[in-house]
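Taking it in order: structure first as structure tokens, then the write-up.
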Amino acid sequence: MHDLTGFQRDLLYVIAGKDEPHGLAIKDELESYYEKEIHHGRLYPNLDTLVDKGLVDKGQRDRRTNYYALTDRGSREIEARREWESGHLGEKSSITA
């Protein structure tokens, strides 16, 4: 996960929180979070990168609609990131207390 951009990590978290979302559902969620438009030229190449890295599976619902799902590896990467963050946040909390 260390080699992903922040945007790519956000994509992973959105996919993890939904049941096989399609691209527009992911786009809507990120636009709500970022409070600005996410262009297709940014969204889909980054989704393809996550697929190429083996973190996300891409499937087809119909001829026009793809869906995305976290792979087991993607789930493990998110869990490892959460543990890493918790370790650092825990250290910071103990320093300021």
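The figures follow:
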item	result
Radius 11 Å from Cβ of residue 2, net charge of other residues (Lys, Arg +1; Asp, Glu -1)	0
Heavy atoms of residue 72: accessible area, 1.4 Å probe, square angstrom to 10	120
Virtual spin-label span in nm between residue 20 and residue 83, 7 Å along Cα→Cβ	3.0
Segment 1-78 - accessible surface per residue (Å², probe 1.4 Å)	61
Gyration tensor (alpha-carbon) shape descriptor, segment 1-53, a/c threshold 1.5	rounded
Over the chain, relative contact order from alpha-carbon pairs under 8 Å, at least 6 apart, %	29
0 to 90° range, to nearest 10: angle between helix 6-16 axis and the chain longest Cα axis	70
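The values are calculated or read from the model by the stated rules, or taken from the named source; none is laboratory data. These figures come from a predicted structure and were not determined experimentally. As a convention, Cβ positions derive from the backbone with ideal geometry for all residues, glycine included, and neighbour counts pool all protein chains shown. For the accessible areas, the whole protein counts, side chains as well, though only heavy atoms, and no ligand, DNA or RNA atoms are used. Shrake-Rupley method; radii C 1.70, N 1.55, O 1.52, S 1.80 Å.
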